[in-house]
1. So in region 51-77, with the set limited to residues that are over 19 Å from the mean Cα position of the chain (by Cα) and surrounded by 13 or more Cβ atoms within 10 Å (Cβ to Cβ), which one is modelled with the lowest pLDDT?
2. Under the condition of being under 17 Å from the mean Cα position of the chain (by Cα) and surrounded by fewer than 16 Cβ atoms within 10 Å (Cβ to Cβ), which residue from region 11-20 is modelled with the highest pLDDT?
3. Give me the strands (runs of 3 or more DSSP E) completely within region 131-181, filtered to those with at least 1 residues that are surrounded by fewer than 18 Cβ atoms within 10 Å (Cβ to Cβ) and at pLDDT below 65, ordered by residue number.
4. Would you be able to tell me the number of residues in region 182-200 that are assigned to a loop (DSSP other than H, G, I, E, B) and surrounded by 12 or more Cβ atoms within 10 Å (Cβ to Cβ)?
5. When you go through (1) modelled with pLDDT under 85; (2) crowded, with 17+ Cβ neighbours inside 10 Å one by one for residue 81, which number turns out not to apply?
6. How many residues are part of a strand (DSSP E or B) and crowded, with 19+ Cβ neighbours inside 10 Å if we restrict to region 38-50?
7. Can you name the number of the only condition in (1) farther than 11 Å from residue 125 by Cα; (2) modelled with pLDDT of 80 or more; (3) over 13 Å from the mean Cα position of the chain (by Cα) that residue 23 fails?
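The values are calculated or read from the model by the stated rules, or taken from the named source; none is laboratory data. Bear in mind the structure is a predicted one, so any value in this text is a computation, not a measurement. Neighbour counts run over all protein chains shown; Cβ positions are idealised from the backbone, glycine included.
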C-alpha cells in the first residue's frame with residue numbers, strides 16, 4: 001500500500017485506517033494482484049467510507065496480452081457511507097471475448113482524497129468490503145472481506161472429481177457455467193462431485209450459500 005498524505009495501516013478486515021495530515025494531492029493506493037481467469041461481464045467494488053471524503057478513485061486493470069494497465073476513473077463518489085461501483089469489462093477492454101486477455105489483473109485501487117472536506121489530525125477509514133465478478137445473472141465473490149462466502153474446492157483445476165469440506169455433506173449444490181446456466185443440481189452425498197462429464201472450461205459451484213470457480217482441464 002502506498003500513501004501520500006501521512007500514515008495508513010491495513011487491518012485484517014481490509015480497512016485502511018489513517019490519521020489525516022496535510023499534503024499536496026493526497027491519495028492512498030492499494031496495491032495487489034487479483035487474477036481474474038473467467039471473463040466477467042462486470043466487476044463490482046464495494047466500499048464503506050467512514051468520514052473520508054474522496055474527490056475520485058480509480059482502478060488499474062491489466063489484460064494478460066498488454067504490458068500496461070488500463071486506468072479506469074470513477075469521478076465524484078459518495079462522500080460517506082456505503083459505495084458500490086460497477087465496471088462493464090467490454091467498455092474498457094478492446095478485445096473483450098478473446099482468450100488472449102486471460103487472466104486479467106486488478107493491480108491497484110487509488111483513492112484521491114478531497115482535502116477541503118477533511119480535518120487535519122482526525123482519524124478516518126476506508127473499508128474495502130468486497131470485489132465481485134458478475135457473469136450474467138450469477139455473482140461470484142472474487143474477494144469478500146466481510147462474510148465467509150468462499151467455498152474451498154480441490155483439486156482445482158480438475159478433470160474428474162472435485163471435493164468440498166466434509167461438513168457440507170447433505171447440502172444442496174448447483175453447478176453453473178459461465179453463461180449463467182444451471183447445468184446440474186442435487187444434494188451432496190459425501191464431499192465429492194463427479195464432473196468428468198463436463199466440457200473443458202470454467203464453472204461455478206454453489207453449496208449452502210458459498211461459491212467458487214473451478215476449471216475443468
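1. The residue in question is 51.
2. Top of the filtered list is 13.
3. 138-144
4. So the answer is 4.
5. (2)
6. Total satisfying the criteria: 4.
7. In the conditions (1) farther than 11 Å from residue 125 by Cα; (2) modelled with pLDDT of 80 or more; (3) over 13 Å from the mean Cα position of the chain (by Cα), residue 23 misses (2) alone.
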